[in-house]
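Below is one structure, written out as C-alpha coordinates; the observations come after it.
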Amino acid sequence: MNASDAAALHDELRSLARSRGLRAANLGARVGPSLRRHAELGDSAGIELRTRLVAWLRDRIAALPADLRAVVAVALALDPRADQRLLTDRLGWLAGELDRDPRTVRRRCEEAFRLLAETAAAVDPDVPAGQSGPARGATAPPALAGPPSGAWYVERVWAVLRLDGPTPELLETRRVVALEDGLRELALSMSLPRPPGAPASPRDLDVDVLFGGRMVRIDRRGDTHYSPVLRLPRALSRYERHDFGCVWRVPAGQPMAPRYALNPTIRCDALDLRVRFPEDADPKVELVDGLPLRAVEDLAVDLPAVALDGVSEAFARFSGLASGLCYGLRWS
(Lines give C-alpha, C1' and ligand atoms only; values in the text may rest on other atoms or scores of the structure.)
Protein backbone atom coordinates (compact mmCIF):
# COMPACT_ATOMS: atom_id res chain seq x y z
CA MET A 1 0.00 0.00 0.00
CA ASN A 2 1.26 3.47 -0.88
CA ALA A 3 0.94 5.66 2.24
CA SER A 4 0.67 8.86 0.22
CA ASP A 5 -2.08 7.33 -1.91
CA ALA A 6 -4.03 6.35 1.22
CA ALA A 7 -3.58 9.87 2.60
CA ALA A 8 -4.88 11.40 -0.64
CA LEU A 9 -7.90 9.11 -0.63
CA HIS A 10 -8.54 9.96 3.02
CA ASP A 11 -8.52 13.69 2.29
CA GLU A 12 -10.78 13.28 -0.75
CA LEU A 13 -13.30 11.18 1.17
CA ARG A 14 -13.46 13.75 3.96
CA SER A 15 -13.94 16.50 1.39
CA LEU A 16 -16.66 14.49 -0.34
CA ALA A 17 -18.60 14.20 2.94
CA ARG A 18 -18.83 17.96 3.44
CA SER A 19 -22.04 19.83 2.76
CA ARG A 20 -24.59 17.45 1.20
CA GLY A 21 -22.14 14.61 0.59
CA LEU A 22 -23.10 12.31 -2.27
CA ARG A 23 -26.35 14.27 -2.71
CA ALA A 24 -24.47 17.38 -3.85
CA ALA A 25 -25.57 18.75 -7.21
CA ASN A 26 -21.95 19.36 -8.30
CA LEU A 27 -20.73 15.86 -7.39
CA GLY A 28 -18.43 15.55 -10.41
CA ALA A 29 -16.45 18.62 -9.41
CA ARG A 30 -16.01 17.27 -5.88
CA VAL A 31 -14.56 13.87 -6.82
CA GLY A 32 -10.78 14.04 -6.59
CA PRO A 33 -8.22 12.32 -8.86
CA SER A 34 -7.36 9.51 -6.40
CA LEU A 35 -11.02 8.63 -5.94
CA ARG A 36 -11.58 8.70 -9.71
CA ARG A 37 -8.66 6.34 -10.27
CA HIS A 38 -9.48 3.82 -7.55
CA ALA A 39 -13.21 3.81 -8.32
CA GLU A 40 -12.36 3.53 -12.05
CA LEU A 41 -14.64 6.43 -12.87
CA GLY A 42 -12.60 7.68 -15.84
CA ASP A 43 -14.24 10.66 -17.48
CA SER A 44 -17.77 9.68 -16.43
CA ALA A 45 -20.10 12.46 -15.35
CA GLY A 46 -23.69 13.05 -14.30
CA ILE A 47 -25.84 10.08 -13.38
CA GLU A 48 -23.25 7.60 -14.63
CA LEU A 49 -20.58 8.97 -12.29
CA ARG A 50 -22.99 9.09 -9.36
CA THR A 51 -24.18 5.50 -9.94
CA ARG A 52 -20.67 4.07 -10.32
CA LEU A 53 -19.27 5.97 -7.35
CA VAL A 54 -22.13 4.97 -5.04
CA ALA A 55 -21.78 1.30 -6.07
CA TRP A 56 -18.01 1.39 -5.47
CA LEU A 57 -18.41 3.03 -2.07
CA ARG A 58 -21.12 0.61 -0.96
CA ASP A 59 -18.86 -2.35 -1.80
CA ARG A 60 -15.95 -0.87 0.19
CA ILE A 61 -18.09 0.21 3.13
CA ALA A 62 -19.52 -3.32 3.41
CA ALA A 63 -16.04 -4.55 4.40
CA LEU A 64 -15.80 -2.17 7.37
CA PRO A 65 -16.62 -3.23 10.95
CA ALA A 66 -20.34 -3.03 11.68
CA ASP A 67 -20.09 -0.03 14.02
CA LEU A 68 -18.29 2.01 11.35
CA ARG A 69 -20.52 1.15 8.39
CA ALA A 70 -23.50 3.13 9.67
CA VAL A 71 -21.34 6.13 10.58
CA VAL A 72 -19.69 6.48 7.17
CA ALA A 73 -23.01 5.87 5.36
CA VAL A 74 -24.51 8.79 7.27
CA ALA A 75 -21.45 10.99 6.82
CA LEU A 76 -21.50 10.52 3.04
CA ALA A 77 -25.33 10.83 2.93
CA LEU A 78 -25.67 7.27 1.60
CA ASP A 79 -28.21 6.57 4.33
CA PRO A 80 -31.59 7.76 2.97
CA ARG A 81 -32.50 9.16 6.39
CA ALA A 82 -29.42 11.38 6.46
CA ASP A 83 -30.81 14.25 4.39
CA GLN A 84 -29.40 17.09 6.48
CA ARG A 85 -27.54 19.76 4.52
CA LEU A 86 -24.37 19.74 6.64
CA LEU A 87 -22.07 16.92 7.73
CA THR A 88 -22.15 18.18 11.33
CA ASP A 89 -25.94 17.97 11.38
CA ARG A 90 -25.92 14.44 9.94
CA LEU A 91 -23.46 13.20 12.55
CA GLY A 92 -25.41 14.98 15.28
CA TRP A 93 -28.59 13.23 14.16
CA LEU A 94 -26.80 9.86 14.23
CA ALA A 95 -25.46 10.56 17.72
CA GLY A 96 -29.03 11.04 18.88
CA GLU A 97 -30.20 7.86 17.16
CA LEU A 98 -27.40 5.81 18.76
CA ASP A 99 -27.61 7.63 22.11
CA ARG A 100 -23.92 8.49 21.89
CA ASP A 101 -21.92 11.64 22.55
CA PRO A 102 -21.45 13.58 19.28
CA ARG A 103 -17.69 13.58 19.87
CA THR A 104 -17.71 9.78 19.93
CA VAL A 105 -19.54 9.66 16.60
CA ARG A 106 -17.09 12.15 15.07
CA ARG A 107 -14.16 10.00 16.22
CA ARG A 108 -15.76 6.93 14.69
CA CYS A 109 -16.34 8.86 11.48
CA GLU A 110 -12.67 9.77 11.27
CA GLU A 111 -11.69 6.15 12.01
CA ALA A 112 -14.06 4.94 9.28
CA PHE A 113 -12.62 7.30 6.67
CA ARG A 114 -9.08 6.32 7.56
CA LEU A 115 -9.82 2.59 7.35
CA LEU A 116 -11.83 3.03 4.16
CA ALA A 117 -8.93 4.90 2.54
CA GLU A 118 -6.35 2.34 3.66
CA THR A 119 -8.31 -0.66 2.40
CA ALA A 120 -9.11 1.01 -0.92
CA ALA A 121 -5.50 2.12 -1.46
CA ALA A 122 -4.30 -1.43 -0.76
CA VAL A 123 -5.95 -2.60 -4.00
CA ASP A 124 -4.30 -1.55 -7.24
CA PRO A 125 -7.21 -0.59 -9.53
CA ASP A 126 -5.21 -1.81 -12.54
CA VAL A 127 -4.95 -5.38 -11.16
CA PRO A 128 -8.09 -7.63 -11.18
CA ALA A 129 -9.53 -8.41 -7.75
CA GLY A 130 -8.18 -11.59 -6.22
CA GLN A 131 -4.87 -11.29 -8.10
CA SER A 132 -1.60 -9.71 -7.00
CA GLY A 133 0.56 -7.57 -9.19
CA PRO A 134 3.30 -9.36 -11.18
CA ALA A 135 6.88 -9.37 -9.97
CA ARG A 136 9.33 -7.20 -11.86
CA GLY A 137 10.08 -8.86 -15.17
CA ALA A 138 7.28 -11.43 -14.80
CA THR A 139 4.27 -11.85 -17.04
CA ALA A 140 0.97 -10.75 -15.53
CA PRO A 141 -1.72 -13.47 -15.26
CA PRO A 142 -4.70 -13.12 -17.58
CA ALA A 143 -7.72 -11.22 -16.25
CA LEU A 144 -10.79 -13.22 -15.34
CA ALA A 145 -13.46 -13.27 -18.02
CA GLY A 146 -16.36 -10.90 -17.45
CA PRO A 147 -16.72 -8.03 -14.98
CA PRO A 148 -16.13 -8.34 -11.21
CA SER A 149 -18.95 -9.20 -8.82
CA GLY A 150 -19.36 -5.52 -7.90
CA ALA A 151 -20.43 -4.67 -11.46
CA TRP A 152 -24.15 -4.88 -10.70
CA TYR A 153 -26.70 -3.72 -8.17
CA VAL A 154 -30.19 -4.71 -7.02
CA GLU A 155 -32.97 -2.44 -8.23
CA ARG A 156 -35.78 -4.20 -6.37
CA VAL A 157 -36.47 -7.28 -4.26
CA TRP A 158 -39.93 -8.84 -3.99
CA ALA A 159 -39.93 -11.26 -1.03
CA VAL A 160 -42.65 -13.52 0.37
CA LEU A 161 -41.80 -15.47 3.53
CA ARG A 162 -44.28 -18.26 4.22
CA LEU A 163 -44.56 -19.43 7.81
CA ASP A 164 -47.82 -21.34 7.30
CA GLY A 165 -46.23 -24.56 6.01
CA PRO A 166 -44.26 -27.42 7.55
CA THR A 167 -41.02 -25.38 7.33
CA PRO A 168 -40.31 -21.71 6.57
CA GLU A 169 -40.08 -20.96 2.84
CA LEU A 170 -38.86 -17.74 1.26
CA LEU A 171 -39.78 -16.84 -2.32
CA GLU A 172 -37.70 -14.00 -3.72
CA THR A 173 -37.67 -12.23 -7.07
CA ARG A 174 -34.79 -9.86 -7.65
CA ARG A 175 -34.25 -7.33 -10.43
CA VAL A 176 -30.59 -6.56 -10.99
CA VAL A 177 -28.91 -3.95 -13.18
CA ALA A 178 -25.55 -4.57 -14.82
CA LEU A 179 -22.99 -1.79 -14.53
CA GLU A 180 -20.54 -3.35 -17.01
CA ASP A 181 -20.85 -5.17 -20.32
CA GLY A 182 -20.54 -8.95 -20.16
CA LEU A 183 -22.09 -9.75 -16.77
CA ARG A 184 -22.55 -13.54 -16.74
CA GLU A 185 -22.76 -14.60 -13.08
CA LEU A 186 -24.14 -13.23 -9.81
CA ALA A 187 -22.72 -14.10 -6.40
CA LEU A 188 -25.69 -13.92 -4.03
CA SER A 189 -25.77 -13.88 -0.25
CA MET A 190 -28.19 -15.35 2.27
CA SER A 191 -27.99 -16.14 5.99
CA LEU A 192 -30.26 -18.22 8.19
CA PRO A 193 -30.69 -16.46 11.56
CA ARG A 194 -30.82 -18.90 14.46
CA PRO A 195 -32.16 -18.27 17.96
CA PRO A 196 -29.45 -17.99 20.67
CA GLY A 197 -28.18 -21.43 21.65
CA ALA A 198 -29.81 -23.24 18.72
CA PRO A 199 -27.61 -25.96 17.19
CA ALA A 200 -26.13 -25.61 13.72
CA SER A 201 -27.93 -27.49 10.96
CA PRO A 202 -26.02 -30.40 9.37
CA ARG A 203 -27.89 -29.62 6.14
CA ASP A 204 -27.46 -26.70 3.81
CA LEU A 205 -30.20 -24.16 3.29
CA ASP A 206 -32.16 -25.51 0.30
CA VAL A 207 -32.44 -23.19 -2.70
CA ASP A 208 -34.10 -23.68 -6.09
CA VAL A 209 -33.96 -21.24 -8.98
CA LEU A 210 -37.51 -20.72 -10.25
CA PHE A 211 -36.56 -18.72 -13.34
CA GLY A 212 -33.92 -16.45 -14.80
CA GLY A 213 -30.77 -18.53 -14.25
CA ARG A 214 -29.11 -21.73 -13.11
CA MET A 215 -27.29 -22.40 -9.86
CA VAL A 216 -23.59 -23.06 -10.42
CA ARG A 217 -22.67 -23.81 -6.80
CA ILE A 218 -23.42 -22.80 -3.22
CA ASP A 219 -20.52 -21.79 -0.99
CA ARG A 220 -21.16 -22.16 2.74
CA ARG A 221 -19.30 -19.76 5.00
CA GLY A 222 -19.66 -20.65 8.64
CA ASP A 223 -22.81 -22.08 10.20
CA THR A 224 -25.35 -19.56 8.91
CA HIS A 225 -24.06 -17.84 5.75
CA TYR A 226 -24.59 -19.11 2.21
CA SER A 227 -23.29 -17.66 -1.05
CA PRO A 228 -24.94 -19.18 -4.15
CA VAL A 229 -23.49 -18.36 -7.57
CA LEU A 230 -26.13 -17.88 -10.27
CA ARG A 231 -25.34 -18.30 -13.99
CA LEU A 232 -27.42 -15.96 -16.14
CA PRO A 233 -29.12 -17.05 -19.38
CA ARG A 234 -26.78 -14.77 -21.35
CA ALA A 235 -24.25 -12.02 -20.78
CA LEU A 236 -25.90 -8.73 -19.84
CA SER A 237 -25.04 -5.41 -21.40
CA ARG A 238 -24.28 -2.30 -19.38
CA TYR A 239 -27.39 -0.90 -17.63
CA GLU A 240 -29.45 -3.91 -18.78
CA ARG A 241 -32.01 -5.21 -16.26
CA HIS A 242 -32.66 -8.86 -15.48
CA ASP A 243 -35.18 -10.62 -13.21
CA PHE A 244 -34.66 -13.96 -11.51
CA GLY A 245 -36.54 -15.86 -8.84
CA CYS A 246 -35.43 -18.27 -6.10
CA VAL A 247 -37.12 -20.23 -3.35
CA TRP A 248 -35.21 -20.84 -0.11
CA ARG A 249 -36.29 -23.53 2.36
CA VAL A 250 -35.18 -23.91 5.96
CA PRO A 251 -34.14 -27.52 6.73
CA ALA A 252 -36.82 -29.47 8.62
CA GLY A 253 -36.36 -29.20 12.37
CA GLN A 254 -33.93 -26.28 12.16
CA PRO A 255 -35.10 -23.38 14.37
CA MET A 256 -35.12 -19.92 12.80
CA ALA A 257 -34.95 -16.58 14.55
CA PRO A 258 -38.30 -14.75 14.17
CA ARG A 259 -37.32 -12.13 11.61
CA TYR A 260 -36.61 -11.34 7.99
CA ALA A 261 -33.94 -8.64 7.78
CA LEU A 262 -32.31 -7.66 4.50
CA ASN A 263 -28.83 -6.26 5.22
CA PRO A 264 -27.47 -4.97 1.88
CA THR A 265 -23.76 -5.24 1.19
CA ILE A 266 -24.15 -3.75 -2.30
CA ARG A 267 -26.56 -1.12 -3.59
CA CYS A 268 -30.21 -2.12 -3.15
CA ASP A 269 -32.87 0.41 -4.15
CA ALA A 270 -36.13 -1.16 -2.97
CA LEU A 271 -37.67 -4.07 -1.06
CA ASP A 272 -41.28 -5.26 -0.98
CA LEU A 273 -41.71 -7.81 1.84
CA ARG A 274 -44.72 -9.93 2.74
CA VAL A 275 -44.73 -12.42 5.63
CA ARG A 276 -47.57 -14.96 5.67
CA PHE A 277 -48.40 -16.40 9.11
CA PRO A 278 -50.59 -19.40 9.98
CA GLU A 279 -54.24 -18.38 9.94
CA ASP A 280 -54.71 -18.94 13.67
CA ALA A 281 -51.51 -17.10 14.65
CA ASP A 282 -51.58 -13.83 16.57
CA PRO A 283 -47.98 -12.54 16.45
CA LYS A 284 -46.65 -9.16 17.48
CA VAL A 285 -45.07 -7.88 14.26
CA GLU A 286 -42.63 -4.95 14.22
CA LEU A 287 -41.04 -2.86 11.47
CA VAL A 288 -37.26 -2.98 10.97
CA ASP A 289 -36.42 0.16 9.00
CA GLY A 290 -32.72 0.96 8.74
CA LEU A 291 -31.35 -0.45 12.00
CA PRO A 292 -28.00 -2.00 12.95
CA LEU A 293 -28.24 -5.77 13.33
CA ARG A 294 -27.59 -5.61 17.07
CA ALA A 295 -30.68 -3.41 17.49
CA VAL A 296 -32.77 -5.90 15.50
CA GLU A 297 -31.58 -8.76 17.71
CA ASP A 298 -32.30 -6.83 20.92
CA LEU A 299 -35.97 -7.50 21.62
CA ALA A 300 -35.92 -4.79 24.30
CA VAL A 301 -35.71 -2.20 21.51
CA ASP A 302 -39.26 -1.07 20.75
CA LEU A 303 -40.09 -0.85 17.05
CA PRO A 304 -43.19 0.38 15.17
CA ALA A 305 -46.01 -2.16 15.09
CA VAL A 306 -47.25 -3.67 11.81
CA ALA A 307 -50.82 -4.98 11.65
CA LEU A 308 -51.82 -8.22 9.95
CA ASP A 309 -54.39 -8.08 7.19
CA GLY A 310 -57.47 -10.32 6.84
CA VAL A 311 -55.44 -13.33 5.62
CA SER A 312 -52.76 -13.16 8.35
CA GLU A 313 -50.15 -11.41 6.22
CA ALA A 314 -47.87 -8.49 7.15
CA PHE A 315 -46.51 -6.21 4.43
CA ALA A 316 -43.74 -3.60 4.36
CA ARG A 317 -42.12 -1.56 1.57
CA PHE A 318 -38.70 0.09 1.71
CA SER A 319 -36.70 2.28 -0.67
CA GLY A 320 -33.18 3.65 -0.76
CA LEU A 321 -31.75 0.96 1.52
CA ALA A 322 -28.44 1.91 3.18
CA SER A 323 -25.51 -0.48 3.15
CA GLY A 324 -24.86 -2.17 6.49
CA LEU A 325 -28.32 -1.51 7.97
CA CYS A 326 -31.27 -3.91 8.22
CA TYR A 327 -34.73 -3.69 6.66
CA GLY A 328 -37.65 -6.03 7.14
CA LEU A 329 -39.95 -7.41 9.85
CA ARG A 330 -39.53 -9.21 13.14
CA TRP A 331 -42.18 -10.93 15.20
CA SER A 332 -42.79 -12.66 18.49
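Relative contact order for the stretch 278-332 using alpha-carbon pairs under 8 Å, separation at least 6, rounded to a whole percent?
54
Under a 1.4 angstrom probe, counting protein chains only, how are ILE266, ILE218, ILE47 ranked by accessible area, largest first?
My answer, sorted largest first, is ILE47, ILE218, ILE266.
Need the full-extension length gain, GLU313 to THR104, defined as separation in residues times 0.36 nm minus the C-alpha distance. One decimal, nm. Write out the running numbers ahead of the final one.
Numbers: separation 209, 0.36 × 209 = 75.24 nm, distance 4.11 nm.
Extending this stretch completely gives an extra 71.1 nm.
Just how far, in whole angstrom, is the stretch 9-58 from the stretch 226-290 if you go by their alpha carbon centroids?
Between the Cα centres of the stretch 226-290 and the stretch 9-58 lies a distance of 30 Å.
Please report the net charge: other residues with Cβ closer than 10 Å to the Cβ of ALA314, K and R +1, D and E -1. Don't jump to the answer; show the numbers that get you there.
Details: positive: ARG274, ARG276; negative: GLU286, ASP309, GLU313.
Here the charged neighbours net out to -1.
From the phi of every residue in the stretch 158-173, what ³J(HN,Hα) in whole Hz does the Karplus formula 6.51 cos²θ - 1.76 cosθ + 1.60 yield, where θ is phi - 60° and glycine or proline is x?
Result, rounded to whole Hz: 10, 10, 10, 9, 9, 10, 9, x, x, 8, x, 9, 10, 9, 10, 10.
Probe of 1.4 angstrom, ligands and nucleic acids ignored: what's the accessible area per residue over the stretch 8-95, in square angstrom?
It amounts to 41 Å² per residue over the stretch 8-95.
What does the charge add up to near ASP59, with Lys and Arg as +1, Asp and Glu as -1, over the other residues with Cβ less than 14 Å from its Cβ? Walk me through the numbers on the way to the answer.
Numbers: positive: ARG52, ARG58, ARG60, ARG69, ARG267; negative: GLU40, GLU180.
Local charge sum for ASP59: +3.
Rounded, prolate or oblate, given the Cα gyration tensor of the stretch 243-310, with a/c below 1.5 counting as rounded?
In terms of gyration-tensor shape, rounded.
Return the loop-located trypsin sites (Lys or Arg not before Pro) in the stretch 253-316 (DSSP other than H, G, I, E, B) with at most 13 other Cβ atoms within 10 Å of their own Cβ; answer none if there are none.
Counting only loop positions with at most 13 other Cβ atoms within 10 Å, the trypsin sites (Lys or Arg not before Pro) in the stretch 253-316 are LYS284.
The values are calculated or read from the model by the stated rules, or taken from the named source; none is laboratory data. What you see is a predicted model, and the numbers here were worked out from it, not measured in a lab. So basically every Cβ, Gly included, is an ideal-geometry build from the backbone, and we count neighbours across all protein chains shown. For the accessible areas, the whole protein counts, side chains as well, though only heavy atoms, and no ligand, DNA or RNA atoms are used. Shrake-Rupley method; radii C 1.70, N 1.55, O 1.52, S 1.80 Å.
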